[in-house]
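Colleague: To start, I am sharing the structure in question, which I have written as structure tokens.
The values are calculated or read from the model by the stated rules, or taken from the named source; none is laboratory data. None of these values were measured; they are calculated from a predicted model. Virtual Cβ from ideal backbone geometry, glycine too; neighbours counted across all protein chains shown. Just so you know, the surface numbers come from the protein's heavy atoms only, side chains and all, with ligands and any DNA or RNA stripped out. Shrake-Rupley method; radii C 1.70, N 1.55, O 1.52, S 1.80 Å.
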Amino acid sequence: MAIQSIRGMHDLYGAEMSAWSAVEKLVHKTFQDFGYKEIRTPVLEKIEVFSQTVGEDTDIVQKQMYTIDRSEEHLALRPEGTAAFIRAVIQHQLHRLPGAQRFYYYLPMYRYERPQKGRQRQFFQFGGELINDASPEADAEIIALLDQIYKALGLKQYEVRINTLGDSESRARYRKALEDHFRPLLGQLSEDSKARFERAPMRILDSKHDADQNAVKKAPRIGDYLTDSAKAHFESVKRRLKQAGVAFIVDPLIVRGLDYYSLTAFEFVSDQLGAQSALGGGGRYDGLAERFGEKPIPAVGFALGMERLMLALEASEKMPKAPGGPFLYLAPLGEVAFERFYPLSLALKRSGLDCELVYEKDKNLKWQLKQANRCGAQYALLLGEEEVAKGVAILKNMSDGGQKEIALDHVIEEINAEQLKQAHSA
Ligand code: HAM
């Protein structure tokens, strides 16, 4: 077999690439409309950026990181954006800037997972992170922003599931209750859940194993173990979401696959994606900075997977139309015409008009028109020796076949006018 890309990592090209670009453009715009500024961190980080923060018991740290050892440094390809983002915040003291600060990123992530539909080893995430603000309004803004990204693209078929993971005091109480609940049931639990019991019993709630479902269903719920302030925070988030017109359901089983969260946690779930149903997710992570030995930095954010977004758009028939071929195809008939069209093609491109000219100089009219059709051009500009002598060219509308003469010295103005006319009638 010829050489291939790595399993779970894909090339993007052609119509699929064009559709991605169109969607990316809209997502960038929604972030910018909400006042978020783009940030880019390197694809490689010191491994502790993730191992200290994401959680020793998580799949990411235990088995999914791509690691590289170089010059006595242990490095990892970024499996997620948030820990790297907070590393950058601390390094550049961005949390010292006054007031709430809003950032977003669009970056590839790497996780050594078993590839399947919607799950890859290289995948792209858009992420939004809001720091220096501990209020429930910030949580609701972040959820409303993710909701708006999907709505702006025309997606409707998803559910916003929110939960609270409590503050550290709530979690300590809840952990004890979970241990008391699961301990007598340990014999029935899956091997994964048994392993989780000692170190992270809350993660058992996230189990997909059939064997665990009964015990999970009957498990105590965090809502009964919240401190007053954690409860008040969650109530305010819900109130603000209602005010913002974001429909949601409270799902006590949302615990997230990363360890750095506290208080609000959420997932956007779609039934159009098969087994990998999470379109995006996030939550509050005020304590992440402490895992780097810093003071807490109030922070809340989310990430959405581009591959899953594209699958959902496809399933909802909301994929943006990829732009067709060039606006104009230049069809010179003979050497003299080609001499005129070569500089014209560059002048058109410089003025922002997309055009195509084939650099083979001996093609006849039939070949040129077939080529114009094949590349999807809206217009063809025909030029033979006779037209050169008259100082005109023939502009042919490829969809209705209509044609007219335009002055050879004013092609750019004429084509511009034609494009404008079309934009108005569209
Ligand atoms: P996450 O839930 O691990 O959160 O990932 C967020 C989203 O990335 C998922 O909902 C999914 O759409 C996509 N995703 C994850 N793994 C894969 C994969 N193997 N293939 C395709 N898509 C995938 C985070 O990464 C957190 N950093 C989110 C966050 C930001 N929390 C606070 N700020």
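Colleague: What are the residues whose amide H is under 5 Å from the amide H of Val250, where those residues sit 5 or more places off or on another chain and H is modelled from the backbone?
Modeller: Ile162
Colleague: Please report the antiparallel percentage of the DSSP beta bridges confined to the range 328-425, to the nearest 5.
Modeller: DSSP beta bridges in the range 328-425 are roughly 55 percent antiparallel.
Colleague: Can you tell which of Lys366, Lys242, Lys396 shows the greatest fluctuation in a Gaussian network model of the chain with Cα springs below 10 Å?
Modeller: Of the options given, Lys366 has the highest mean-square fluctuation.
Colleague: Sort 159-170, 97-108 by the packing proxy (mean of other Cβ within 10 Å over each peptide's residues), most packed first.
Modeller: Output ranking for 159-170, 97-108: 159-170, 97-108.
Colleague: Would you mind telling me the antiparallel percentage of the DSSP bridges in the chain, rounded to 5?
Modeller: Bridges in the chain that DSSP calls antiparallel: roughly 80 percent.
Colleague: Have a look at Gly274, Gly301, Val246 and report the one farthest towards the positive end of the charge dipole of the range 187-312, computed about the Cα centre with Cβ charges (Lys/Arg +1, Asp/Glu -1).
Modeller: Of the candidates, Val246 comes out farthest on the positive side.
Colleague: Please work out the C-alpha center-to-center distance from the range 69-90 to the range 330-373 and express it in whole Å.
Modeller: If you average the Cα positions of each part, the centres end up 50 Å apart.
Colleague: In nm, to one decimal, how far is the Arg40 label point from the Ala247 one, both placed 7 Å along Cα→Cβ?
Modeller: The answer from the label model is 3.9 nm.
Colleague: Hey, what do the phi angles of the range 405-416 turn into as Karplus ³J(HN,Hα) couplings, whole Hz, using 6.51/-1.76/1.60 and θ = phi - 60°, x for Gly and Pro?
Modeller: After applying 6.51 cos²θ - 1.76 cosθ + 1.60, I find 8, 10, 5, 4, 7, 10, 4, 4, 4, 5, 5, 4 Hz.
Colleague: Excluding same-chain residues fewer than 8 positions from Lys404, which lysines have a Cα within less than 23 Å of its Cα?
Modeller: Lys349, Lys363, Lys366, Lys370, Lys390, Lys396, Lys421
Colleague: Assuming a ≥ b ≥ c are the square roots of the Cα gyration tensor eigenvalues, decide whether the range 328-425 counts as rounded (a/c under 1.5), prolate (otherwise, with a/b larger than b/c) or oblate.
Modeller: The shape class here is rounded.
Colleague: Given only helices, namely DSSP H runs of n ≥ 4 each adding -39500 (n - 2.57), what is the per-residue ellipticity at 222 nm of the chain, to the nearest 500 deg cm²/dmol?
Modeller: The per-residue figure over the chain is -11500 deg cm²/dmol.
Colleague: GNM on the chain, C-alpha springs below 10 Å: top fluctuator among Pro220, Pro42, Pro332?
Modeller: Top of the fluctuation ranking is Pro332.
Colleague: Once phi is turned into ³J(HN,Hα) by the Karplus curve 6.51 cos²θ - 1.76 cosθ + 1.60 with θ = phi - 60°, what whole-Hz value does each residue of the range 28-33 show in order, with x for glycine and proline?
Modeller: With coefficients 6.51, -1.76 and 1.60, one gets 3, 5, 5, 4, 5, 4 Hz.
Colleague: How much solvent-accessible surface does Glu56 expose, in Å² to the nearest 10, with a 1.4 Å probe and all protein chains in place?
Modeller: Accessible area of Glu56: about 120 Å².
Colleague: Does anyone have the angle between helix 168-182 and the longest principal axis of the chain? Alpha-carbon axes, 0 to 90°, nearest 10?
Modeller: 70
Colleague: Continuing with this model, one more query. Pull up all non-local amide H partners of Leu263: gap of 5 or more, or a different chain, and H-to-H distance under 5 Å with H placed in the peptide plane.
Modeller: Residues meeting the amide H criterion: Leu165, Gly166, Asp167.
Colleague: Express in nm, to one decimal, how much length is gained between Val336 and Arg70 on full extension, taking 0.36 nm for each residue of separation and deducting their alpha carbon distance.
Modeller: Taking 0.36 nm per residue and subtracting the Cα distance, the gain is 89.8 nm.
Colleague: Less than 12 Å Cβ to Cβ from Ile394, Lys/Arg counted +1 and Asp/Glu -1: what total charge do the surrounding residues give?
Modeller: Net local charge, Ile394 excluded: -1.
Colleague: Could you work out the Kirkwood radius for the chain, taking every pair of different alpha carbons, averaging 1/r and inverting it, reported in Å?
Modeller: About 25.2 Å, per the Kirkwood formula over Cα pairs.
Colleague: Relative contact order for the range 328-425: what percent, with Cα pairs under 8 Å and sequence separation of 6 or more?
Modeller: About 27 percent, as a whole number.
Colleague: Hey, quick one: spin label on Glu48, modelled 7 Å out along Cα-Cβ, who in the range 69-89 has an amide N within reach, i.e. under 11 Å?
Modeller: 74
Colleague: Further question on the same structure: How high is the relative contact order of the range 50-96, in percent, with contacts defined as C-alpha pairs under 8 Å that are six or more residues apart?
Modeller: Here the relative contact order equals 28 percent.
Colleague: What is the sum of charges around Val336, taking Lys and Arg as +1, Asp and Glu as -1, for the other residues whose C-beta is under 12 Å from the C-beta of Val336?
Modeller: -3
Colleague: Additional query: What is the sum of charges, Lys and Arg at +1 and Asp and Glu at -1, for the other residues whose Cβ falls under 12 Å from the Cβ of Ala347?
Modeller: +1
Colleague: Sticking with this one: Given a Förster radius of 22 Å and the C-beta distance between Lys318 and Glu159 as r, what FRET efficiency does 1/(1 + (r/R0)^6) yield to the nearest 0.05?
Modeller: 0.80
Colleague: Sequence gap at least 6, Cα distance under 8 Å: using those rules, report the relative contact order of the chain to the nearest whole percent.
Modeller: 15
Colleague: Can you compute 3J(HN,Hα) from phi for each residue in the range 83-100, using the Karplus curve 6.51 cos²θ - 1.76 cosθ + 1.60 with θ = phi - 60°, rounded to whole Hz and x for Gly and Pro?
Modeller: Karplus-based 3J(HN,Hα) across the range 83-100 equals 5, 5, 4, 5, 4, 5, 4, 5, 4, 9, 6, 5, 6, 7, 5, x, x, 4 Hz.
Colleague: Rounded to whole Å, give me the distance from the Cα center of the range 1-63 to that of the range 98-132.
Modeller: For the range 1-63 versus the range 98-132, the Cα centre distance is 5 Å.
Colleague: Here's something else I'd like to know. Say R0 is 41 Å: what FRET efficiency, to the nearest 0.05, do Gln403 and Asp33 get from their beta-carbon distance?
Modeller: 0.40
Colleague: So, with +1 on the Cβ of K and R and -1 on the Cβ of D and E, and no other charges, what is the size of the charge dipole of the chain about its Cα centre, to the nearest 20 debye?
Modeller: 780
Colleague: On full extension of the chain, what length is gained from Lys361 through Ala211, given 0.36 nm per residue of separation minus the C-alpha to C-alpha distance?
Modeller: Taking 0.36 nm per residue and subtracting the Cα distance, the gain is 46.9 nm.
Colleague: Would you mind computing, in nm to one decimal, how far apart the modelled labels at Glu191 and Ala172 are, each placed 7 Å from Cα along Cα→Cβ?
Modeller: 3.5
Colleague: Output the pairs from Lys194/Lys295; Lys176/Lys231; Lys46/Lys117; Lys37/Lys231 with a Cα-Cα distance over 22 Å in this structure; if there are none, say none.
Modeller: Exceeds cut-off: Lys194/Lys295; Lys46/Lys117; Lys37/Lys231.
Colleague: How high is the FRET efficiency from Ser5 to His181, r the C-beta distance, R0 45 Å, rounded to 0.05?
Modeller: My answer for the efficiency is 0.45.
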